[in-house]
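Participant: Structure in structure tokens, see below.
Throughout, read-outs are computed from the coordinates displayed, never taken from laboratory work. Keep in mind it's a predicted model, so treat the numbers as computed, not measured. For neighbour counting, all protein chains shown are included, and Cβ atoms are generated from backbone atoms with ideal geometry for every residue, glycine included.
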Amino acid sequence: MSTIFQKIIDKQIPADIVYEDDRCLAFRDINPQAPTHVLVIPKRAIRSVAELEASDADLIGYLFVVVRKIAEQEGLSNGYRTVINSGRDGGQTVDHLHIHLLGGRGLAWPPG
Ligand code: 5GP
């Protein structure tokens, strides 16, 4: 079944895209939890961290390099947080692996 993020990749629904290349896409979260809240996703449909294979290691590493580039682009020189929710208890609501990049304000810890 196609997720909302697959529809964004396929340009069937709009998103505020901040970065795109052949392997990944990054766009602003529709319900931002910080001044910068960007989602970085692989174009290949991987459901969650729980589905990762050893052969995905390069792709996942690459997504974090893209996170770093976007953080620079967004001017997050004071720091930022990356979050990956996995499964129901992890709070995952869209079954297409995504890295949240949050910044632009001080973030509390621990999460709820
Ligand atoms: P999760 O809860 O799965 O870790 O994160 C899913 C995120 O996707 C949420 O922060 C939610 O606001 C965001 N989201 C859900 N639907 C859409 C959408 O249609 N467009 C965008 N830009 N973000 C979405």
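Participant: Looking at the stretch 31-41, which of the residues that are near the ligand (Cβ under 10 Å from one of its atoms) and in contact (Cβ under 8 Å) with a residue 12 or more places away in the chain is surrounded by the most Cβ atoms within 10 Å (Cβ to Cβ)?
Facilitator: It comes out as VAL38.
Participant: Among (1) more than 9 Å from the ligand (Cβ to nearest atom); (2) of a type in the set (Lys, Arg); (3) in contact with an Asp or Glu (Cβ under 9 Å, 6 or more places away or on another chain), there is one condition ARG28 misses while meeting the rest; what is its number?
Facilitator: Single failed check for ARG28: (1).
Participant: What's the total number of residues in the stretch 31-73 that are part of a loop (DSSP other than H, G, I, E, B) and touching a helix residue (DSSP H, G or I) at 6+ places or on another chain (Cβ under 9 Å)? Don't jump to the end; show me each part of the working.
Facilitator: Filtering the stretch 31-73 for residues part of a loop (DSSP other than H, G, I, E, B) gives 31-35, 43-48, 52-53.
Filter once more, keeping what is touching a helix residue (DSSP H, G or I) at 6+ places or on another chain (Cβ under 9 Å): 43-46, 48, 52.
Qualifying residue count, the stretch 31-73: 6.
Participant: Only residues that are in a helix (DSSP H, G or I) and more than 9 Å from the ligand (Cβ to nearest atom): list them for the stretch 74-101, please. It would help to see each step written out before you state the result.
Facilitator: Going residue by residue through the stretch 74-101, those that are in a helix (DSSP H, G or I) are 87-90.
Answer for the stretch 74-101, where residues must be in a helix (DSSP H, G or I) and more than 9 Å from the ligand (Cβ to nearest atom): GLY87, ARG88, ASP89.
Participant: Shifting gears a bit: Counting only residues that are within 13 Å of the chain's Cα centre (by Cα), surrounded by 13 or more Cβ atoms within 10 Å (Cβ to Cβ) and without any contact (Cβ under 8 Å) to a residue 24 or more places away in the chain, which one in the stretch 42-82 is nearest to LEU101 (Cα to Cα)?
Facilitator: Across the stretch 42-82, the extreme among qualifying residues is THR82.
Participant: Within the stretch 2-25, how many residues are near the ligand (Cβ under 7 Å from one of its atoms) and closer than 16 Å to LEU97 by Cα?
Facilitator: 2
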